[in-house]
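Single-structure report; data block below.
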4 protein chains.
Amino acid sequence: MMASKITGIYVPTLVPFDERGDINETELRRFLSWLIDKGVHGLYPNGSTGEFVRLNAEERRRVVKIACEVAQGRVPVLAGAAEANVKETIRACEVYLEYGARAVAIVAPFYYRLSPDSVYAYFEEIARNSPIDVTLYNIPHFASPIDLPTIRRLAEFPRIVGIKDSTGDMSFMMRMIQAVRPKRPDFSFLCGWEAVLVPMVAAGADGGTNASGNAIPEVMRQMFDLAHSGRFEEAMKLQYRILDLFDTMLNPFEFPDGFRAAAEMRGFKMGRGRQPSTPAQQVNRSSLQSVLQCLLSDFGVVEPPAGGCAPRTGNLQKDQIGQIVYEVLHTLEERGVIWKKP
Amino acid sequence: MMASKITGIYVPTLVPFDERGDINETELRRFLSWLIDKGVHGLYPNGSTGEFVRLNAEERRRVVKIACEVAQGRVPVLAGAAEANVKETIRACEVYLEYGARAVAIVAPFYYRLSPDSVYAYFEEIARNSPIDVTLYNIPHFASPIDLPTIRRLAEFPRIVGIKDSTGDMSFMMRMIQAVRPKRPDFSFLCGWEAVLVPMVAAGADGGTNASGNAIPEVMRQMFDLAHSGRFEEAMKLQYRILDLFDTMLNPFEFPDGFRAAAEMRGFKMGRGRQPSTPAQQVNRSSLQSVLQCLLSDFGVVEPPAGGCAPRTGNLQKDQIGQIVYEVLHTLEERGVIWKKP
Amino acid sequence: MMASKITGIYVPTLVPFDERGDINETELRRFLSWLIDKGVHGLYPNGSTGEFVRLNAEERRRVVKIACEVAQGRVPVLAGAAEANVKETIRACEVYLEYGARAVAIVAPFYYRLSPDSVYAYFEEIARNSPIDVTLYNIPHFASPIDLPTIRRLAEFPRIVGIKDSTGDMSFMMRMIQAVRPKRPDFSFLCGWEAVLVPMVAAGADGGTNASGNAIPEVMRQMFDLAHSGRFEEAMKLQYRILDLFDTMLNPFEFPDGFRAAAEMRGFKMGRGRQPSTPAQQVNRSSLQSVLQCLLSDFGVVEPPAGGCAPRTGNLQKDQIGQIVYEVLHTLEERGVIWKKP
Amino acid sequence: MMASKITGIYVPTLVPFDERGDINETELRRFLSWLIDKGVHGLYPNGSTGEFVRLNAEERRRVVKIACEVAQGRVPVLAGAAEANVKETIRACEVYLEYGARAVAIVAPFYYRLSPDSVYAYFEEIARNSPIDVTLYNIPHFASPIDLPTIRRLAEFPRIVGIKDSTGDMSFMMRMIQAVRPKRPDFSFLCGWEAVLVPMVAAGADGGTNASGNAIPEVMRQMFDLAHSGRFEEAMKLQYRILDLFDTMLNPFEFPDGFRAAAEMRGFKMGRGRQPSTPAQQVNRSSLQSVLQCLLSDFGVVEPPAGGCAPRTGNLQKDQIGQIVYEVLHTLEERGVIWKKP
């Protein structure tokens, strides 16, 4: 029996930490369960958003195990399986099959920038030895790029069933689909750049693995459903609406701290990340969070800040300053120093 | 009276040269006239495709003059007006107004990579002094980038009426539209990367300035019309069909020689470009041209090569070799050395 | 008779502009003459520092003509000869020979990024047709790179007599010398990155084409002489001393405005450059100039600012603030608001 | 008592693997011992050359333990200590102190590209908590860059005692020395790019951490000693002589396979690396190895290949072909097919 094609919104899930910096398992379970309740199509632990490189090998396994236990077949799990070398990566594939994952996602080797031939050789060895379906993970900003000829060659292995591409490059997606789909209709193309998810789906992509799913899973689901069912114009409106939110979570924060901040606002104790930050960064983060809360409140998923939201300009720096002024004014009103406009 | 918004397919027109390397004016007129007959919405002389940096100042004027004369109001002319410095650029704006151009397109300063502030200051001076409408031209691969805050600020000048963006970056286009359109509904967004023209139009872009218009003006027009009228699915099919052709004209050749080769096949004597090439490059070009002719023949706009077309693989190097083999076999058949399969 | 090898400090000369933005010929002549008096080995008009791309073709000729007239054989002139295309570049070579230039310097084609083969073909055509010696100009930050195999091949033409390399890449310089010098002992290697001039000379480079020569010609000459005569340790001390000055002229200003500001302090009316600037940039520039004056005064070539110089920290932003404070204090003292420490 | 400054040639040691891909401990011990016998100043396990990212956490510890055991105080050990997160990195620092390492080297966080503030915060936490001296490791090609202001700030922690910089950027080295040395004369500057080691030492660098030390430890030692004792001209001759060897080990191979191949020729069973390769890569590698053997034989440290060495051109591709021809001819001579030139 053939496994079903990987489609829809897969959330590269965040990892909550407790005060000692360890994985907060209770919160992780509650968070993953909430994501499923909100309608996401699948869970994707150990992605870049899940900070897999900041976990140790044992923690990576634990995270996948928990995801599989929480999912319990309600949704498929796509498990990030990259380890220090090809042998240990293949061993992780074996373990994740046992845990019940639907497939694994494997990023191209990073740190060293490998040639296309070496990237091919790496995935070829995995394709020949993995007992579980494999999706390629192309994120040239962080890891060795997987170029088009390499993708075409790797798509000849039945074990390789898809690619997650995080470039946001529309023409690259189209070239991949054109090169692979005729021979591999079951091969799945996932867009890892939610700023352009709707156009990508319109061009034939099968879904997305989107960090924003941690913040607004219900919106991502709705947006995908609209695009997937051909209601392109409505989908595009949502696409435009999430743009500022995505940019705010992505750019001014160190990745993935903006997404962590948003998940906090949705009611989960994410804890401090594992990457230390300076006091100046922490101060900055707090004013960013206020803007973020305003953006999230536009979708009706959180309350606006107590002080209200300043009109947004689309220029994040201005928005931050405007928002601080708004909140200062609110505090002064509360203290009776100034009076509210009637 | 307000000038109409710039929309549709503007062709950044090639320049034919004669045997001495001078502009072949007769052929240029014939070519521009043919483009108009094929339905393009506007002419755009002195773009990157028009090799404006390889023309001298006098030649650049001559090219615009000819375009205006040929257009004669049938279609608007968007004239590339960048000169060595802001003073001479403004002088070119004045001259192109006299010639009858609809607007000018001005690339950000190149050679030096300027800061956003300097890019702003450059266009600000032009916006304040140009007597003709100005479109910005953003092509960060070749010139100083025009970033989003700069575009937002420049859109405050009524004289600046649009931007041509050649990044092919879908999310950048959406951010520009989101930042500028609410206040400037008349501001025009043109996509300079035809590989993604249809999704760009679906996301709100007003048209394209596309080198491929020199090769397949009627196809570009049809594709735009389909997308513009909301027949997105059909438009997308054409979008996929032009992908290989665009890549073949763009990548293996030095720009814009692939587009020049295609225009030759459409019946125009383009002559040798002004950039010298090695004998090895010339040999390579001849096998590329054969693949190009096959791709063009798919659209029914040229005949296939005499020897026929090898099945295409989407891998250009393989396609080149396959095509050479096909033509060698054909020649051997013609000479009676081998016999055709019945 | 064989022309002598190009060695020593060639100054890529700045161009003074008058209030209308035209070339200030009187000042240019006075400036060039001063450079020669200060001991530079040669003049190099129409380099990047000379803003050749912001001059028109006629102005570029005029600048070379003036340089040759001022030099009058006292020092050789290396004339930047790049024009819009290979034909016009060769024509400029002919003209500059007539003017009495020693050789021309030709930057690789810019705007388009050409392949190594095309860069070769371009210079090959020049090498075969130029009546004057040619030096290659490699500045990959601004123009198509000239890679090592291309340099090796081009060094087979006797007409090509040297290369100016502005990468500041020490190992690239050594690879060039190793590849070319055994067969071409007359071939000249010039370093266009004065931050490492001394180590480059120690590794075998023949000289430099250094924008700093416009600010401190006598220091550059002295530094070269020390390095060239093997007094490496003393040369290295000067090398360290010019580092902050070079960085301050180069980085916070738009190129080449920092060098223009320094030449102003040396007593020449450089005028405003041709690239417009915002009011914010102008304010910033004025505090930078004060730091620059302090740095120049360390070499005894200008007076320190009236208010004195704040202790430098090597952190330019801090130095700017410190310097402003110093000058404010001085003004307050002068106005009798505060009293000087006794 | 103050620990001595870190100076001289530290070899970032390779890791031999056995046929199962496990660490070949016997060979590793033999190799490290040989390096010490050949005169290197220190061992540096778990560098990029030591493929620390392809080892698991346990293996990284084992490698350092072995290095400390072999060194036994004869030479200091600089132990690469980067782990998945700051907490585990600090734990590794504790362990490596126990093992007897002199100091640790810690690369900036990789995969994610962090901002300067985050890089600072990361090293600050380590500086405050590590019980062993720390050297920074700057390799922007692979990891987040450590910029100059960050280095200046981090040099305020006494626990941070040096930096290894692998950029090969001469002016960056000089800027670092200028910024830090006046306040921290004990701070060590190590150059990780042996192509320019001699000029770096001449400019004040204290030593190098050089992969070539695995191939030619005695030559690296000699070159450093010459430069360090001021015999710059002789040092520079060696510097030129190692250039081709370094380039051949570095560029055409995937890093660090060229260095592994050279260590094999010096008599150590390095085994296959952990990164898989294609058959085409393996064929290519075998012809590269032959060129490499010729280059090594120039230093008298290995025998030339049986078939002799073709004259070298400095163009690696030509050299490879030339060398293959040479060896084919030799084989034909041996088989009596052709006769040797008398």
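The numbers here are math on the coordinates, done by the rules we state, and not lab data. Quick caveat, the model's predicted, so the values are computed rather than measured. Neighbour counts run over all protein chains shown; Cβ positions are idealised from the backbone, glycine included.
What the table shows:
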quantity	calculated
Shielding of B:271-283 by partner chains, average beta-carbon count, 10 Å	4
Residue among B:Ile6, B:Ala57, B:Leu28 farthest towards the positive dipole end of the stretch B:1-93, charges placed on Cβ	B:Ile6
Rounded to 10°, Cα long-axis angle of helix D:86-99 versus longest principal axis of chain D	80 degrees
Fewest-first sequence of D:Ile338, A:Ile151 by Cβ atoms within 10 Å of each Cβ	D:Ile338, A:Ile151
Candidates C:Gln281, C:Gln289, C:Gln222, ranked by Gaussian network fluctuation over chain C, Cα under 10 Å, top entry	C:Gln281
Extended-chain gain in nm, criterion 0.36 nm per residue less alpha-carbon gap, A:Asn129 and A:Glu156	8.3 nm
Electrostatic dipole magnitude of chain A [Cβ: Lys, Arg +1; Asp, Glu -1; Cα centre; debye, to 20]	280 debye
Alpha-carbon centroid distance for the pair the stretch D:75-91 / the stretch B:96-136, whole angstrom	54 Å
Cys with no candidate disulfide partner in the protein assembly as shown (beta-carbon separation under 4.7 Å rule)	A:Cys68, A:Cys93, A:Cys191, B:Cys68, B:Cys93, B:Cys191, C:Cys68, C:Cys93, C:Cys191, D:Cys68, D:Cys93, D:Cys191
For the stretch C:175-191 versus the stretch D:248-273, the gap between their alpha-carbon centres in whole angstrom	31 Å
For B:Glu156, label point 7 Å along C-beta direction: distances to other copies, nm	3.8, 5.9, 5.9
Residues C:Glu233, D:Glu124, sorted so that the one with the fewest Cβ neighbours within 10 Å comes first	C:Glu233, D:Glu124
Average Cα contact separation per residue, the stretch D:1-47, under 8 Å, 6 or more apart, as relative contact order %	52 percent
Shape box of the stretch D:90-171 [Cα atoms, principal axes, largest first, Å]	35, 26, 23
Sites D:Ser33 and A:Arg91 - FRET efficiency at Förster radius 41 Å, r taken between beta-carbons, to 0.05	0.80
Which listed pairs, of A:Lys183/B:Lys237; A:Lys38/A:Lys318; B:Lys87/C:Lys269; B:Lys5/B:Lys183; A:Lys65/A:Lys183, have C-alpha distances above 26 Å, in listed order	A:Lys38/A:Lys318; A:Lys65/A:Lys183
Cβ crowding within 10 Å averaged over residues, with D:166-172, A:325-331 ranked highest first	D:166-172, A:325-331
Highest average packing first - A:250-260, C:208-218, Cβ atoms within 10 Å	C:208-218, A:250-260
Residue with peak Gaussian network fluctuation, chain B [Cα springs, cutoff 10 Å], from B:His141, B:His228, B:His41	B:His141
Potential extension, B:Arg241-B:Ala3 segment - 0.36 nm per residue separation minus Cα distance	82.2 nm
Average beta carbon contacts from partner chains per residue of C:105-113, 10 Å cutoff	4
Relative contact order computed over chain C (Cα-Cα under 8 Å; 6+ residues apart), in percent	16 percent
With Cα atoms, 0 to 90° folded angle of helix B:279-298 axis to chain B main axis	90 degrees
Neighbour-count ranking [beta-carbon atoms within 10 angstrom, fewest first] of C:Ile9, B:Ile163	B:Ile163, C:Ile9
On Cα atoms only, tilt of D:170-180 relative to the major axis of chain D in degrees	20 degrees
Shielding by partners, peptide D:73-85 (average Cβ within 10 angstrom, other chains)	2
Residue-by-residue Karplus 3J(HN,Hα) for the stretch B:76-81, coefficients 6.51, -1.76, 1.60, Hz, glycine and proline x	x, 10, 9, 9, x, 10
For the stretch B:8-274, alpha-carbon Rg relative to the globular expectation (2.2 N^0.38 Å, N residues)	0.94
Estimated dipole of the protein assembly as shown in Debye, rounded to 20 [Cβ of Lys and Arg +1, of Asp and Glu -1, Cα centre]	0 debye
R0 of 56 Å, Cβ-Cβ distance B:Glu333-D:Asp117: FRET efficiency to nearest 0.05	0.20
P(r) tail fraction, the protein assembly as shown - alpha-carbon pairs more than 58 Å apart, %	19 percent
Per principal axis, descending, Cα span of the stretch C:26-84 in whole Å	33, 21, 18
